[in-house]
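Inspection log for the structure reproduced underneath, given as structure tokens.
The values are calculated or read from the model by the stated rules, or taken from the named source; none is laboratory data. Everything quoted here is computed from the prediction, not taken from an experiment. Don't worry about glycine lacking a Cβ; one is built from the backbone with ideal geometry, like all the others, and counts go over all protein chains shown.
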Amino acid sequence: QRQMCIRDRKHYDEAIELCRNAQMGDGLRLMFARYLARAYASAGRYDRAIGLLRELLQQLAVLSRDPRFVYERLQIETLIVTWLAEAKRYDEAERFLLKRLQQSQRADLKGQYRRMLAGVYQQANRLVQAEQQLRLLYKEDPTDPGINNDLGYTWADAGRNLDQAERMIRLAVGQRP
């Protein structure tokens with residue numbers, strides 16, 4: 001809590017030092033490592049934040065077959081992609097996600113990776129690739145409000161498929177106002 005308050009007041013170095021001290025003696029615990037990574041990212045030190053999270057992923061690789069850690073791993077991967085995109089390292093984010101897509105055996109994780117990949121493509125203004133990913137997601141689950149929203153607005157912004165885009169956006173708003 002204290003670290004988050006310090007970070008919110010933009011005292012990044014103090015937040016970083018607090019997290020470093022909190023993890024001393026216990027090794028790299030997940031909670032404090034993520035707080036430390038967030039403090040680095042808040043300070044714009046993306047290389048340090050991403051590097052720390054990549055170390056966490058290596059530590060979790062041993063535990064990855066344990067279902068309790070699948071969600072933890074996805075959260076860490078999401079932060080890595082988010083910060084790569086914030087740092088405008090879109091190609092690196094794309095490679096990271098494509099590798100995860102290729103390695104994953106779980107349909108639910110593949111869907112999450114595709115969503116993130118579509119977001120990276122949109123941020124990189126690679127709208128054709130974003131639309132391709134969104135179409136794949138839509139084909140798998142045409143009732144998902146998030147997919148309908150994203151694909152509908154992609155088409156509406158491009159001035160294409162406007163009737164279908166409107167239906168999709170209305171469906172999304174109806175399910176998640």
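Data for the structure
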| quantity | calculated |
| --- | --- |
| Residue tally, condition in a helix (DSSP H, G or I), more than 14 Å from the chain's Cα centre (by Cα) and among the hydrophobic types (A, V, I, L, M, F, W, C), over the range 94-140 | 7 |
| Exclusive hit being surrounded by 13 or more Cβ atoms within 10 Å (Cβ to Cβ) and in contact with a Gly (Cβ under 8 Å, 6 or more places away or on another chain), set A124, A165, A156, A93 | A165 |
| Residue check, G44 at pLDDT 90 or above, of a type outside the set (D, E, K, R), under 26 Å from G119 (Cα atoms) and not in a helix (DSSP H, G or I) | yes |
| Where a residue in the range 37-61 is within 10 Å of I76 (Cβ to Cβ) and its partner, wherever it lies, is of a type in the set (D, E, K, R) and assigned to a helix (DSSP H, G or I), with Cβ under 6 Å and at least six apart | L60/R73 |
| Residues satisfying the stated conditions in the range 69-88, i.e. assigned to a loop (DSSP other than H, G, I, E, B) and buried (at least 19 other Cβ atoms within 10 Å of the Cβ) | none |
